[in-house]
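Novice: If you scroll down you'll find the structure; I have some questions about it.
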Amino acid sequence: MSQAFLCLLRLFLDSNPPAVLVGALLTASQLARLHRDNYIPLAKAAPYPHLRKLLSHTEPAVRARVCNLLGNMCRHSAYFYTALDRHSLLTPLIQRCTDEDIATRKFACFAIGNAGEKSDIDLTDADAAKAQLYQCLCASAMKLDWVMCTANMTSFLPFLSVPAALGHPKYIRSALPV
């Protein structure tokens, strides 16, 4: 299995066409999502520098799929959290919460939520994270697509220091300035 991940890693090169990158990221993401037994070979492939670079790719679909992969890497346990922190992936991931692309924002919130739920997340720029995640909630509520953002952020709400009920669309709308 680790040989397959090593082959997949070659497809994470930013010089590859966006369609190849999206396909490779989707494949890795599904493997991570399926079961935590896939975490070990994925970790051995050491995709972190590639993923960090792809978080700022010009193609929105690539950025969204990187965030999705990172979220699935944190889905079952805190196994990857130390590596994500060590390779400085958390700050650019948090920045994707305010990406111009809605799918990227959604998957970034999903990833941060999973990381927060499965680990004792220690964000050195917690204030920036709170502001960006709250902005994502408000922007999503204003565009009536709040379900995407709030569904992926539920596990991150304790870090925002707001009541869990605020994650419910009814409360988001009532909390927003008119």
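Each reported figure results from applying straightforward, stated rules to the coordinates on display, with no laboratory input. In this text the structure is predicted, and so the values were computed from the model without any measurement. FYI the Cβ positions are ideal-geometry reconstructions off the backbone, even for glycines, and counts take in every protein chain you see.
Novice: 5 Å is the cut-off here: which amide hydrogens, built 1.01 Å from N in the peptide plane, fall below it relative to Asp99, excluding neighbours closer than 5 in sequence?
Specialist: It is Arg105, by chain and number.
Novice: Could the peptides 49-55, 11-17, 107-113 be put in order, highest first, of the mean number of other beta-carbon atoms found within 10 Å of their residues?
Specialist: Output ranking for 49-55, 11-17, 107-113: 107-113, 49-55, 11-17.
Novice: Using the 10 angstrom Cβ neighbour count as an exposure proxy, how do Tyr81, Tyr48 rank, fewest first?
Specialist: In increasing order of surrounding Cβ atoms, one gets Tyr48, Tyr81.
Novice: Additional query: I need the phi-derived Karplus couplings for the range 57-62: 6.51 cos²θ - 1.76 cosθ + 1.60, θ = phi - 60°, integer Hz, Gly and Pro marked x.
Specialist: 4, 5, 8, x, 4, 5
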